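Everything on this sheet refers to the single structure shown next.
The values are calculated or read from the model by the stated rules, or taken from the named source; none is laboratory data. The structure presented is a predicted model; accordingly, all values stated were derived computationally and were not measured. Ideal geometry is used to build each Cβ from the backbone, glycine not excepted, and the neighbour counts take in all protein chains shown. Quick note on the areas: whole protein, heavy atoms, side chains included, nothing else; ligands and nucleic acids left out. Shrake-Rupley method; radii C 1.70, N 1.55, O 1.52, S 1.80 Å.
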2 protein chains.
Amino acid sequence: MLDPIPADSVGLVSPRTQHFDTPLALDCGVVLDGYDICFETYGTLNEAQDNAVLVCHALTGDHHAAGFHSENDRKPGWWDNCIGPGKALDTDRFFVVCPNNLGGCGGSTGPLAINPQTNKRYGPDFPIVTVRDWVESQARLADVLGIESWAAVMGGSLGGMQVLQWAIDYPARIRNALVIAAAPRLSTQNIAFNEIARQAIRSDPNFRDGHYYEHDVVPEHGLKLARMVGHITYLSDDVLHTRFGRELSGSKIGFGFGVEFEIESYLRHQGEAFVGRFDANTYLLMTRSLDYFDPAQKFDGDLTAALRECQARFLVVSFTSDWRFSPTRSREIVRALLDCDHDVSYVDIESELGHDSFLLPIPQYHKILQTYFNRIEIGT
Amino acid sequence: MLDPIPADSVGLVSPRTQHFDTPLALDCGVVLDGYDICFETYGTLNEAQDNAVLVCHALTGDHHAAGFHSENDRKPGWWDNCIGPGKALDTDRFFVVCPNNLGGCGGSTGPLAINPQTNKRYGPDFPIVTVRDWVESQARLADVLGIESWAAVMGGSLGGMQVLQWAIDYPARIRNALVIAAAPRLSTQNIAFNEIARQAIRSDPNFRDGHYYEHDVVPEHGLKLARMVGHITYLSDDVLHTRFGRELSGSKIGFGFGVEFEIESYLRHQGEAFVGRFDANTYLLMTRSLDYFDPAQKFDGDLTAALRECQARFLVVSFTSDWRFSPTRSREIVRALLDCDHDVSYVDIESELGHDSFLLPIPQYHKILQTYFNRIEIGT
C-alpha cells in the first residue's frame, strides 16, 4: 500500500494552460503570434492580491514544483521540499505560481508544440528565447492572474537569472527578489560546457538537424552525454568522492569498457533517465539562453548600472562547494547591489553538495528562506 | 624562407623502433608474444652509463618530445621547451629517452598495429595496458639500451604516474623521480570525465565497436567531443576567461547554434585537430589506464605503505590553478613520502594556466627543474 500524501504537501495539483493571443516580440526578432503557458499554482491569492510568489525554474525544470499529480504519484514536484504548508515557502500564507518557460517541453509552447503555420512540430524552428522573453511572458501571466506585483520572485541557477531580470525589467512589480545559486552571466568555462552538450546532441545522427520527431527517433546518445556533462558540473568533487569514491560495480576491475566504477553506472543512469523526460531541441535553446544572459551588456558590462533602477529587496544565496556558479559569482551580484545602495542580504551556505544544493532540503538554507519569507508583509 | 633550427634545440631527430620477442604478461591477464616500442633519444649516454633520463608521456603524448623531424618541420616535440642543450633538462649532460607507450598510436604496438594472429589491426582487441605494464616495457627498453639505472625518471600528469610506479616497482633502478602535475589515483570526478569521453567515442556510429579501420571511417564526432571535454579540464576557469572571456566571433549574437562565442570556435578547432592525430581506440585504453592507476590499492589504500620501499629522491611539482590534478593531490604524494622519511622536495608553482602548465615554459618552473637536474651527480 502506498503511503498517504504527507500533511505538509500541497497535495494533489493539476497544471493549467493559459493561451495568449497578443503577439510576443522576442529578443531574436521573431514575433510569436500566439502561445501557451502551462503553470501550476499552490495556495490561494488573498483579497489584497499581494501574496503571490513567482517560482522560476532552471535549465531542466518545469511548472511542476510541488505536490503530486495523482494519488498514485510517488514523485512530488521538483521543489516540494521547499514549497508547502508550513515549509520555507509557506503555501498557507503565499500564493505560489510556477510556469513552464516558453520554449520548454513541459507543456508551454516550445519545440514540441505544433507550429500553426506548418501544422508540424516547431522542432528546430522554434526561436531561441532569452531570459528577458521569459520575464515578459511571465508578466503577461501575472496580468491574467490579477497579480499587479509579486510579493517575491524566486529561483535557483537559471531561475535566479530570471529573478534578476524581473528586478531590472519590472522594478515596480517585484517586492522581493530571491536569487539563489546564480551568476550575473556565464563564465567562459560555463559556455564551454554548454557547447560540449550542444555538440553532443547536434552530432548525434538521430538529431537530423532537429527534425528527429518526423523520423520517429530521438538523439538519445547525444542527450544522454549532454546530461552526463551537465551532471558533473552540478555536483562537487567532494560529494562525488563521498558518494562513489572509486568503488567498483563488480568485485574487481574487468579490463574493459563496460560499467566498472559506481560513478559510471550512476552517470549512465542519470543520462538515460533524462532522455525519457526531456526534449533535445529544448535543451539546446535553454543552454543558449544561459549563454546569452548578460544584463550588464548594454551598460558596457557595468552590472551596477544594470541594477540601478531595481526597487526590490534582495536575498542572494550561494553554496560553498558550488563550482558551476561559485559563491564568487553571487558576490558579484551582491557587490553591484550594494553599490546601488539596494537592500540586500547575502548568505553563503556551507554545503558539500555542489550546485545541486539549491534543490536540497539543507536545514540552514531552508531556515533562512523561511525567515526571509516570514518578514514579507502581506495583507489579508 | 624558414627560420633555421634554433641553437638550443636537440636538432633533427629520428624515432627508432625496438622489437621485443620475450612475451610480456600484462596486468589484464593477456600475454603479448612480441611488441615494438618506438622511441627517441637526445644527447649521449656517457661511459659510466649513469646519465640517462626517462621521459614518460601523458594521455595524448608520444615519443617525439624534442627536436624536429625534418628541416621543414616547424613543430618541435611536445616538451621541446624543456629538453635541449642548456635547457632545464640539459642534453649536453643527460641522455634522454622518450618512448611511445605500449597501446599508443605513435608507432609502438597498439590498436593500430597488425595483430599477427589475425593479420588485421588489433583495434578494440588490443588489451588494456596499465601503468605497471608500461613501466615493465620501459624497463626492458632500458635493458636493451644498457641503462642499469636511470639518473631520473620524469613525467607530467599520466607521465607522473609512471614515475611513481617506477619508484615503486624498480626502486634500485631510479635515482631521481620527478612527479609533475600528477595524482596518486584519479578522483571520482576525474573518472567521470573519462567516462564521458569514452561514451562520446563509443556511441559514435562510426566507432563500430572499435572496428572502424575496416570500414574506412573514423569516429570523429566522438573523438572530437572527447578532446573538447578533456581540454576544458586542462585549462583553468581563469585562463579561459582571460583568453576568451565572452567574446563573440561575429559582431553580435546570432540566435543560432553555429559558432558565436570565441571559446566555441577554439574548442571545435582543438577537437578537430585532435581527430587528425590520435586514434580513438588508444584514447579509450589510455583513459582506462588512468582510471585503474592506484598503487595504494594493494596496500588497503595506504599510499605510505605503497611508497615505503622507494629509494629515489623525489621532486613533486604542482600548479596552483590545476583543477584536474590539483595541488592537494600532489600533497597527498608528498605527505606519504615524508611519512616514509624519503628525500622529497615539493613546489607549488603559481600559474593561472591550469593543468596544461606542466607543458609550458613557466620560468620559475623550468628554473626549479634545471636546479634539480644540476644537482644530480653523474660520471663521465
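With θ taken as phi - 60° and the coefficients 6.51, -1.76 and 1.60, list the Karplus ³J(HN,Hα) couplings across the stretch A:241-255 in order, rounded to whole Hz; mark glycine and proline as x.
Result, ordered by residue: 4, 5, 6, 10, x, 10, 5, 8, 6, x, 8, 8, 5, x, 6 Hz.
With unit charges on the beta carbons (Lys and Arg positive, Asp and Glu negative) and the dipole taken about the Cα centre of the stretch A:54-121, which residue among A:Thr60, A:Thr109, A:Phe94 sits farthest to the positive side?
Positive-most Cα among the choices belongs to A:Thr109.
What residues of the stretch B:236-250 lose no less than 50 Å² of accessible area with every protein chain in place versus their chain by itself (probe 1.4 Å, heavy atoms only)?
Residues passing the criterion (a loss of at least 50 Å², heavy atoms only) are B:Asp237, B:Arg246.
Per-residue accessible area for B:His355 at 1.4 Å probe radius, Å² rounded to 10?
10
Would you grab the residues whose amide H sits under 5 Å from the one on A:Asn115? Only those 5+ places off in sequence or on another chain, please, with H modelled 1.01 Å from N.
Here the answer is A:Lys120, A:Arg121, A:Tyr122, since their amide H atoms fall under 5 Å of that of A:Asn115.
Return the tail of the calculated pair distribution for the protein assembly as shown, meaning the percent of Cα-Cα pairs more than 45 Å apart. Spell out each step's value before the answer.
Working: 89295 of 288420 pairs.
Result: 31 percent of Cα pairs exceed 45 Å.
Just by accessible area at a 1.4 angstrom probe, what is the order of A:Tyr346, B:Tyr234 from largest to smallest? Mind showing how you got there, number by number?
Numbers: A:Tyr346 70, B:Tyr234 25 Å².
If we order A:Tyr346, B:Tyr234 from most to least accessible, we get A:Tyr346, B:Tyr234.
Would you grab the residues whose amide H sits under 5 Å from the one on B:Leu248? Only those 5+ places off in sequence or on another chain, please, with H modelled 1.01 Å from N.
Residues meeting the criterion, in which the H sits 1.01 Å from N, are B:Glu262.
From the protein chains alone at 1.4 Å, what is the descending order of accessible area for B:His64, A:His57, largest first?
B:His64, A:His57
Quick one: what are the phi-derived ³J(HN,Hα) couplings along the stretch A:203-212, Karplus 6.51/-1.76/1.60 with θ = phi - 60°, whole Hz, x for glycine and proline?
With coefficients 6.51, -1.76 and 1.60, one gets 8, 6, x, 6, 5, 6, 6, x, 9, 5 Hz.
Looking only at GluC sites (Glu not before Pro) in DSSP loops with at most 16 other Cβ atoms within 10 Å, what is the longest site-free stretch of chain B? Before the final figure, lay out each step's value.
Working: sites that count: B:Glu47, B:Glu71, B:Glu148, B:Glu247, B:Glu309, B:Glu350, B:Glu352, B:Glu377.
With GluC sites (Glu not before Pro) excluded where exposed in loops, chain B gives B:149-246 as its longest stretch.
Going 7 Å from Cα along the Cα-Cβ axis for the label, what nanometre distances separate A:Arg331 from the same residue across the other copies?
Ordered by distance, the counterparts are at 1.9 nm.
How big is Rg to Rh over the stretch B:39-143, alpha-carbon atoms, Rh as the Kirkwood inverse-mean-distance radius? Each step should come with its number before you reach the end.
Values: Rg = 15.4 Å, Rh = 15.0 Å.
Checking Rg against Rh, the ratio lands at 1.03.
Let's see if you can work this out: charge +1 on each Lys and Arg Cβ, -1 on each Asp and Glu Cβ, no other charges. What is the dipole magnitude of the stretch A:191-287 about its Cα centre, in debye to the nearest 20?
Numbers: 10 positive and 14 negative charges, 21 e Å.
Dipole magnitude for the stretch A:191-287 comes out near 100 debye.
Once amide H atoms are placed 1.01 Å from N in the peptide plane, what residues at a sequence separation of 5 or more from A:Ile349, or on another chain, have their amide H within under 5 Å of its amide H?
Counting only residues 5 or more places away or on other chains, the set is A:Ser318, A:Phe319, A:Thr320.
Mean residue ellipticity at 222 nm from the helices of the protein assembly as shown, using -39,500 (n - 2.57) per DSSP H segment of n ≥ 4 over the full residue count, to the nearest 500 deg cm²/dmol? Working shown, then result.
Values: 20 runs with 246 residues, N = 760.
Rounded to the nearest 500, it is -10000 deg cm²/dmol.
Rolling a 1.4 angstrom probe over the protein heavy atoms, how many square angstrom per residue are accessible across the protein assembly as shown?
Working: 29470 Å² over 760 residues.
Per residue, the protein assembly as shown has 39 Å² of solvent-accessible surface.
So what J values fall out for the stretch B:118-126 if you push phi through Karplus, 6.51 cos²θ - 1.76 cosθ + 1.60 with θ = phi - 60°, rounded to Hz, Gly and Pro as x?
Going residue by residue, I get 10, 6, 10, 4, 4, x, x, 7, 5 Hz, with x marking Gly and Pro.
Kirkwood hydrodynamic radius of chain A from all distinct Cα pairs, in Å?
Details: mean 1/r = 0.0465 Å⁻¹.
Kirkwood hydrodynamic radius for chain A: 21.5 Å.
With +1 on each Lys and Arg Cβ and -1 on each Asp and Glu Cβ, and nothing else charged, work out how big the dipole of the stretch B:126-260 is about its Cα centre, in Debye to the nearest 20. Present the calculation step by step, with values, prior to reporting the outcome.
Working: 13 positive and 15 negative charges, 60 e Å.
Using Cβ point charges on Lys, Arg, Asp and Glu, the stretch B:126-260 gives about 280 debye.
Please report the residue of chain B with the smallest beta-carbon distance to the B-to-A rotation axis, and give that distance in Å, no decimals.
With distances in whole Å, chain B gives B:Pro205, 3.
Among rounded, prolate and oblate, which fits the stretch B:191-287 when a ≥ b ≥ c are the square roots of the eigenvalues of its C-alpha gyration tensor, a/c under 1.5 means rounded, and a/b larger than b/c means prolate?
Working: a/c = 2.71, a/b = 1.75, b/c = 1.55.
Cα axes put the stretch B:191-287 in the prolate bin.
Can you pull out the trypsin sites (Lys or Arg not before Pro) in the stretch B:57-125 whose DSSP state is coil and whose Cβ has at most 15 other Cβ atoms within 10 Å? All intermediate terms of the calculation are to be shown ahead of the outcome.
Numbers: sites: B:Arg74, B:Lys87, B:Arg93, B:Lys120, B:Arg121; in loops: B:Arg74, B:Lys87, B:Arg93.
The qualifying sites are B:Arg74.
So the label point sits 7 Å from Cα along the Cα-to-Cβ vector; using that for B:Gln117, what distances do you get to the other copies, in nanometres, sorted shortest first?
Going from nearest to farthest copy, the values are 6.1 nm.
Between A:Ser345 and A:Gln297, what FRET efficiency follows from the Cβ-Cβ distance if R0 is 22 Å, with the result rounded to 0.05? Intermediate values should be presented prior to the final figure.
Values: r = 27 Å, r/R0 = 1.21.
Step by step, r from the Cβ atoms, then E = 0.25.
Accessible surface of B:Cys82 in the full protein assembly, 1.4 angstrom probe, to the nearest 10 Å²?
0
Expressed as a whole percentage, what fraction of the accessible surface of chain B belongs to carbon and sulfur atoms when a 1.4 Å probe is rolled over the protein heavy atoms?
Numbers: 6880 of 14740 Å².
Carbon and sulfur: 47 percent of the exposed surface of chain B.
So how much accessible area does A:Thr328 have, in Å² to the nearest 10, using a 1.4 Å probe?
Per-residue accessible area (A:Thr328): approximately 80 Å².
Pick out, in residue order, every one of the chymotrypsin sites (Phe, Trp or Tyr not before Pro) in the stretch B:160-209 that is DSSP loop and has at most 13 other C-beta atoms within 10 Å; say none if there are none. Intermediate results must be reported in sequence, preceding the final value.
Details: sites: B:Trp166, B:Phe193, B:Phe207; in loops: none.
Taking the stretch B:160-209 and a limit of 13 other Cβ atoms within 10 Å, no loop chymotrypsin sites (Phe, Trp or Tyr not before Pro) are found.
Leaving ligands and nucleic acids out of the surface, order A:Asp322, A:Asp36 by accessible area at 1.4 Å, largest first. Working shown, then result.
Numbers: A:Asp322 5, A:Asp36 50 Å².
Largest accessible area first, the list is A:Asp36, A:Asp322.
Please give me the summed charge of the neighbours of A:Phe274: other residues whose Cβ is under 10 Å from its Cβ, Lys and Arg +1, Asp and Glu -1.
Working: positive: A:Lys224, A:Arg227, A:Arg277; negative: A:Glu220, A:Glu272.
Cβ neighbours under 10 Å give a net charge of +1.
Using a 7 Å offset from Cα along Cα-Cβ at B:Lys120, what residues in the stretch B:21-45 end up with backbone N under 20 Å from the label point?
Flagged as within label range: B:33.
Which distances, in nm and shortest first, link the B:Gln364 label point to the same label point in every other copy, taking 7 Å along Cα→Cβ?
3.2
In whole Å, largest first, what are the principal axis extents of the Cα atoms in the stretch A:223-380?
61, 35, 34
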